[in-house]
Amino acid sequence: MNDEHYIRLAIAQAAQAEALGEVPIGALIVVNGEIIAAAHNRTITDHDPAAHAEILALRTAGQTLANHRLGGATLYVTLEPCTMCTGALVHARIDRLVFGAYDLRAGACGSALDLARHPQHNHHIREVKGGVLEDECRAQLQQFFQKRRMAG
């Protein structure tokens, strides 16, 4: 399986978030070619500002592996992670991060900030790859917000 395959699965997770009225962001974590966690935004549903797709996927992966460290894991997500999520990825020791759309306003993996490779951290995400199926990921978000604005 390649990165595009997993981003497509993250897009499907994002569609589940949208069906709940959540911002459509989906994530999954893969270790040795096996999906060990899949999640989508649930901040509104769970009344939890930290219930971003990435955080929920990290929680599931930690439980699945019975470890708070996720070395060797790749996180796939439809939008460049924010500062909260990037911090959690660094602390979890995620090996690779692959994301779809860049977030020029709030992205913390190279766009607005680069916390994934900040020199003060004792760990860095080994590989950060953005822009995978970017057009599809961006369109999903834009269409969601466009519908919301029209509903007014």
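Numbers for the structure displayed
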item: Residues located in the stretch 123-139, provided they are assigned to a loop (DSSP other than H, G, I, E, B) and either over 11 Å from Val98 (Cβ atoms) or polar (S, T, N, Q) (or both); result: His123, His124, Arg126
item: Residue match in the stretch 1-12 (condition: modelled with pLDDT under 95, in a loop (DSSP other than H, G, I, E, B) and hydrophobic (A, V, I, L, M, F, W, C)); result: yes
item: Residue selected from the stretch 1-12 under the condition in contact with a Ser or Thr (Cβ under 8 Å, 6 or more places away or on another chain) and closer than 23 Å to Lys147 by Cβ, by the criterion surrounded by the fewest Cβ atoms within 10 Å (Cβ to Cβ); result: Ile11
item: Selected residue [closer than 23 Å to Lys147 by Cβ and under 14 Å from the mean Cα position of the chain (by Cα)] from Ala61, Ala73, Ala101, Ala50; result: Ala101
item: Residue pairs meeting the criteria (Cβ under 6 Å; at least 6 apart or on separate chains; first more than 25 Å from Tyr6 (Cβ to Cβ), in the stretch 36-50; second of a type in the set (Asp, Glu)); result: Ile44/Glu22
item: The stretch 61-84 residues that are closer than 19 Å to Gly26 by Cα and basic (Lys, Arg), paired with ones that are at pLDDT 95 or above and assigned to a strand (DSSP E or B) (beta carbon under 7 Å, 6 or more apart); result: none
item: One residue from Gln120, Gln63, Gln143 being within 19 Å of Ala17 (Cα to Cα) and not acidic (Asp, Glu); result: Gln143
item: Breaking point among (1) open to solvent by 40 Å² or more (accessible area, probe 1.4 Å); (2) more than 15 Å from the chain's Cα centre (by Cα), for Arg138; result: (2)
item: Selection from the stretch 59-75 of residues that are open to solvent by 20 Å² or more (accessible area, probe 1.4 Å) and either on the phi > 0 side of the Ramachandran plot or not in a loop (DSSP other than H, G, I, E, B) (or both); result: Arg59, Thr60, Gln63, Thr64, Leu65, Ala66, Gly72
item: Qualifying positions in the stretch 26-42 - surrounded by fewer than 18 Cβ atoms within 10 Å (Cβ to Cβ) and not in a strand (DSSP E or B); result: Asn32, Gly33
item: Any hit, the stretch 94-109, residues being over 18 Å from Leu141 (Cβ atoms), of a type outside the set (Phe, Trp, Tyr) and assigned to a loop (DSSP other than H, G, I, E, B); result: yes
item: Of all residues making up the stretch 76-86, the number that are open to solvent by less than 20 Å² (accessible area, probe 1.4 Å) and outside any strand (DSSP E or B); result: 4
item: Check on His91, farther than 18 Å from Cys137 by Cβ, touching a residue at least 24 places away in the same chain (Cβ under 8 Å) and assigned to a helix (DSSP H, G or I); result: yes
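The values are calculated or read from the model by the stated rules, or taken from the named source; none is laboratory data. Please read all numbers here as calculations on a predicted model, not as lab measurements. Reconstructed Cβ throughout: ideal geometry from the backbone, glycine too, with neighbour counts over all protein chains shown. The accessibility values were calculated without ligands, DNA or RNA, using every heavy atom of the protein model including side chains. Shrake-Rupley method; radii C 1.70, N 1.55, O 1.52, S 1.80 Å.
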